[in-house]
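For reference, the structure is listed below as structure tokens.
The values are calculated or read from the model by the stated rules, or taken from the named source; none is laboratory data. Nothing here was measured: the structure is a model prediction, and the numbers come from that model. Note that each Cβ is placed from the backbone with ideal geometry, even for glycine, and that neighbours are counted across all protein chains shown.
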Amino acid sequence: MLKRTTGLIVACLLAVGSAARAADQGITVSASGEVKSKPTVVEIGATVTAEAELTADAIVKYREAKKKGIDALTNLKMANLAIESNGFTVNSAMDAQQQQRMMNGMPGGAGKQKVEVTEQMRLTVKDVDKLEPEALMDTLLKIIDTGKDAGLVIGPPPVTNYYEMQIRMQSGKGNSLVSFKLGDVNALKEQAYKQAMESAAAKAKRLAELAGVKLGKVLLVQEGQPEEKNKQTMGYNPYMGVPFVVNEQTDVSSNLFGDIPVKVVLTVQYEILKDGVAAAK
């Protein structure tokens, strides 16, 4: 069930100063709209990896491992379970001891070069909002255990070194095995947009009354607040001495029982009417 929220408290800007300046700028307000909904989709990451000294051998091992994993999941016969591929990569594999030596500033050493083939897959369970919590939990545990038993790495791709682990943790990308998501975000956004426009109109009307003027047509609608247009959330990795951008996903939750909010912020500019005519031409 959708829950409407009324937390639409945003800074409102009213042109002040000379009459000419007010006429040029009109009345600009910012308002937000937000709706909440239970998650409808569950996503589980899965990784299949194989390595060998020869590329041909690595690919053979990879295909066998992938087939084993997919066959095991398919045999669960879950109609709402879909398996998608995010593509595969072929890289040089590094021995764990070589990695440790290099992290400590020591030479990696010679050793035999290996080839690693890795594929990232996404296991999607749809219509989870139609399942009882206990039934959904049993379903997810069955998928996770089946994938693990078949040799798949379930959850986020395994980190390759300590620095990568630090970046993942600082960027908010933990080791959660399951992500709960909203199915149709666009429909929820439409409702949030409507709330924001209604709130903006009410705010602008009130400001116009206080200023002794009347509102005309909408001159501009912009998503977000002007000062947030190029704003990014940054993190910093002290071990590598480099900053990074934190990617925020607002339609994802790691909590099955929590509502997921969809929020929009709009900046709306209205013209000012004087004696029924637009004050600025």
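Cβ separations smaller than 9 Å between residues 6+ apart or across chains give the following pairs from region 111-130 residues that are closer than 13 Å to Asn86 by Cα and in the same structural domain as Ala82 (by TED's automatic domain parsing) to residues that are surrounded by 20 or more Cβ atoms within 10 Å (Cβ to Cβ) and aromatic (Phe, Trp, Tyr): Thr118/Tyr62; Glu119/Tyr62. Ile27 meets all of the listed conditions (1) among the β-branched types (Val, Ile, Thr); (2) exposed (fewer than 12 other Cβ atoms within 10 Å of the Cβ); (3) at pLDDT 85 or above but one, namely (2).
Do we have Ala46 as surrounded by 15 or more Cβ atoms within 10 Å (Cβ to Cβ), within 30 Å of Lys114 (Cβ to Cβ), at pLDDT 90 or above and of a type in the set (Gly, Ala, Ser) here? When the stated conditions are applied, Ala46 passes them.
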